[in-house]
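Accompanying notes for the structure given below.
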Amino acid sequence: MAEILACRTGDLADGQSLTVDGVEPPVAVFRVEGEFFATSDLCTHEDWSLGSDGDLDGYQVECCLHQARFDVRTGAATQFPATEDLRSYPVAVRGEEVWVELS
Ligand code: FES
């Protein structure tokens, strides 16, 4: 099991996201209503960063390039042109630390 310290709870307000530094393949973390979710970072349509440049609307993140959407809770692609799901990773919040399990 590979677990990484992705960020601190205070790094994100509700409705915000980030791309975790130094992880390959890249991972995105999203905060919705105080809960944290993690998925693969790159849009499955054409590899655009969702953590750094996605638009989070509730539990849906929209890719800024061609407006594909994904559910951050599951990684499921919910709007064309993406047809392939993101990978979803388990998240554990311990105190102020947000940990993501990669395997
Ligand atoms: S790269 Fe994301 S919708 Fe095209």
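The values are calculated or read from the model by the stated rules, or taken from the named source; none is laboratory data. Predicted model only: the values in this text are computed from it and were never measured. Note that each Cβ is placed from the backbone with ideal geometry, even for glycine, and that neighbours are counted across all protein chains shown. Only protein heavy atoms, including side chains, enter the accessible area calculation; ligands, DNA and RNA are left aside. Shrake-Rupley method; radii C 1.70, N 1.55, O 1.52, S 1.80 Å.
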Convex hull projection area averaged over all views, the range 3-87, Cα basis, nm²: 4.9 nm²
Sulfur and carbon atoms: percent of accessible area, the chain [1.4 Å]: 45 percent
Å² per residue, accessible surface of the chain at 1.4 Å: 53 Å²
Spacing of the two label points (7 Å from each Cα toward its C-beta) at Asp11 and Val23, in nm: 0.9 nm
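Using only alpha carbon pairs under 8 Å that are at least six residues apart, calculate the relative contact order of the chain and give it in whole percent.
29 percent
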Simple label model, 7 Å out from Cα along Cβ direction - His66 to Leu102, nm: 2.8 nm
Qualifying GluC sites (Glu not before Pro) in the range 14-91, DSSP loop, other Cβ atoms within 10 Å at most 15: Glu33, Glu46, Glu84
Theoretical ellipticity at 222 nm over the chain - DSSP helices of four or more residues, -39500 (n - 2.57) apiece, nearest 500: -500 deg cm²/dmol
